[in-house]
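First the structure, in the form of structure tokens, and then the observations on it.
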Amino acid sequence: MKLQDLDIIVTAPPAPGWGGRYWILVKLTTACGITGWGEVYATSVGPDAMRGVIADVFERHMLNEHPENIELMFRRAYSSGFTQRPDLTVMGAFSGLEIACWDILGKARDRPVWALLGGKMTPRVRAYSYLYPLPRHDMTAFWSSAEMAAESATDLVSRGYTAVKFDPAGPYTLRGGHSPAQSDIALSVAFCKAIREAVGDRADLLFGTHGQFTTQGAIRLGKAIAPYDPLWFEEPVPPDNVGALARVGAATGLPIAVGERLTTKNEFAPVLRDGGAAILQPALGRAGGIWEMKKVAAIAEVYNAQIAPHLYAGPVEWAANVHFAVSIPNLLMAETIESPFHDALIKGAIRVENGYIKAPETPGLGIEVDEDLARAHPYTGTGLHLEMTETPCSYHAPNAFTGGAPPEE
């Protein structure tokens, strides 16, 4: 059984595009005809350029190799170009291809992927979701409305969710870290207050940011929201600034969550070693793949830290997250996106039921990708999957936030 063929599909979820502007799906086929699916969550370059990277990684390090040899293929990719260091784009390409290898192996052995990773540690995975607009909400006004956020949180809790995430703290800017505007702090407090009053003790509050603050700015914001007892304060400063992460956690008393922008154990381990995070959020389509994140989960266990797999992508990465989550002892929860396109793309194979995801029992990842649907929605834009703004934080006008994948101009 050797890896033989690669197919790459870049599909774009219909508006409003929860999960990003596009998803990069990879399909591997062995010489004996077994297919496996993976998803690449790495978009520092555009999808056309990323196609070339994925093809190069496959042909250079994986073609004609047995899909069992994941450790060997990882070391080849990690060492490529005489580097042996985390490279977000190369490791992102490898991650999606590695996930597809696990799908192949599970199908070849007629077992779910989690059964090949040490077995079923957790029979059902606790799910959480971002707060998204309800059908009655104004799409633009939603992101700055504590009242609408509370209504969305109430809806999720009524469907069994026990944790909800939101991020009203201001712009994600490509400039250096900024101190939050007083209006952004006030809006963040208003969100926490309204959501806490709406859900009471039925759900945890997950406060999201994306590394946009200075250390002192993050501490100011964290102290302001601390009375509402969020379960985590996500990426308040850049994730590679481990010392700053630790200082924010110590000064605010809030658990720090980080990881969606990190890749390989070489970037995750320092965050744990230096006390920067209590919760790790790997994105399996970027972080080095399932096997590499099993190692990270083991390291995290030594530091008494928990894992909460990140998802702002398509349902193939979600499926990989679920199998990974089922297999580890220090799972906290896993992010999910419930949208018609996510569901249809994997033909409803994995779903959230009363706030939890049951361990899949079918072979491989337990999904069947609707290729026709994926190809019927090609990406035709020019923007990247996610992008930060060049506009600096405003201290006069509101800092509008339009969700994870705003429509292109």
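The values are calculated or read from the model by the stated rules, or taken from the named source; none is laboratory data. The model shown is predicted, which means the values in this text are computed figures rather than measured ones. Backbone-built Cβ (ideal geometry, glycine too); neighbour counts: all protein chains shown.
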Index of the failed condition, residue 150 passing every other in (1) part of a loop (DSSP other than H, G, I, E, B); (2) crowded, with 17+ Cβ neighbours inside 10 Å: (1)
Residues located in the stretch 330-348, provided they are farther than 16 Å from residue 162 by Cα and in a loop (DSSP other than H, G, I, E, B): 330, 339, 346, 347, 348
The stretch 218-236 residues that are more than 11 Å from residue 180 (Cβ to Cβ) and touching a residue at least 60 places away in the same chain (Cβ under 8 Å), paired with ones that are assigned to a loop (DSSP other than H, G, I, E, B) and of a type in the set (Val, Ile, Thr) (beta carbon under 7 Å, 6 or more apart): 234/209
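Have a look at 154, 173, 89 and point out the one that is closer than 30 Å to residue 294 by Cα and touching a residue at least 40 places away in the same chain (Cβ under 8 Å).
Details: 154 fails: closer than 30 Å to residue 294 by Cα; 173 fails: closer than 30 Å to residue 294 by Cα.
Within the list 154, 173, 89, the selection yields 89.
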Failed condition for residue 106, given (1) assigned to a helix (DSSP H, G or I); (2) under 28 Å from residue 269 (Cα atoms): (2)
Among the residues listed as 392, 340, the single one being within 30 Å of residue 172 (Cα to Cα), surrounded by fewer than 15 Cβ atoms within 10 Å (Cβ to Cβ) and in contact (Cβ under 8 Å) with a residue 12 or more places away in the chain: 392
Residue that is nearest to residue 336 (Cα to Cα), among those in the stretch 349-364 that are part of a loop (DSSP other than H, G, I, E, B) and over 20 Å from the mean Cα position of the chain (by Cα): 354
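Of everything in the stretch 305-329, what is assigned to a loop (DSSP other than H, G, I, E, B) and either free of Cβ contacts under 8 Å to residues at least 24 places away in the same chain or among the β-branched types (Val, Ile, Thr) (or both)? Give them in sequence order.
If we filter the stretch 305-329 for residues that are assigned to a loop (DSSP other than H, G, I, E, B), which is where we start, we get 305, 308-314, 328-329.
Once the filter is applied, which keeps residues that are assigned to a loop (DSSP other than H, G, I, E, B) and either free of Cβ contacts under 8 Å to residues at least 24 places away in the same chain or among the β-branched types (Val, Ile, Thr) (or both), the stretch 305-329 yields only 328.
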Those residues of the stretch 275-291 which are buried (at least 24 other Cβ atoms within 10 Å of the Cβ) and assigned to a helix (DSSP H, G or I), in sequence order: 290
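Given the criterion in contact with a helix residue (DSSP H, G or I) (Cβ under 6 Å, 6 or more places away or on another chain), closer than 23 Å to residue 131 by Cβ and not polar (S, T, N, Q), identify the matching residue among 257, 269, 226, 244. Outline the logic, then answer.
Details: 257 fails: in contact with a helix residue (DSSP H, G or I) (Cβ under 6 Å, 6 or more places away or on another chain); 269 fails: closer than 23 Å to residue 131 by Cβ; 244 fails: closer than 23 Å to residue 131 by Cβ.
The unique qualifying residue is 226.
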Hits in the stretch 88-102 (condition: farther than 13 Å from residue 61 by Cβ and either among the aromatic types (Phe, Trp, Tyr) or at pLDDT below 95 (or both)): 88, 102
Among the residues listed as 346, 328, 350, the single one being over 25 Å from residue 91 (Cα atoms) and not basic (Lys, Arg): 350
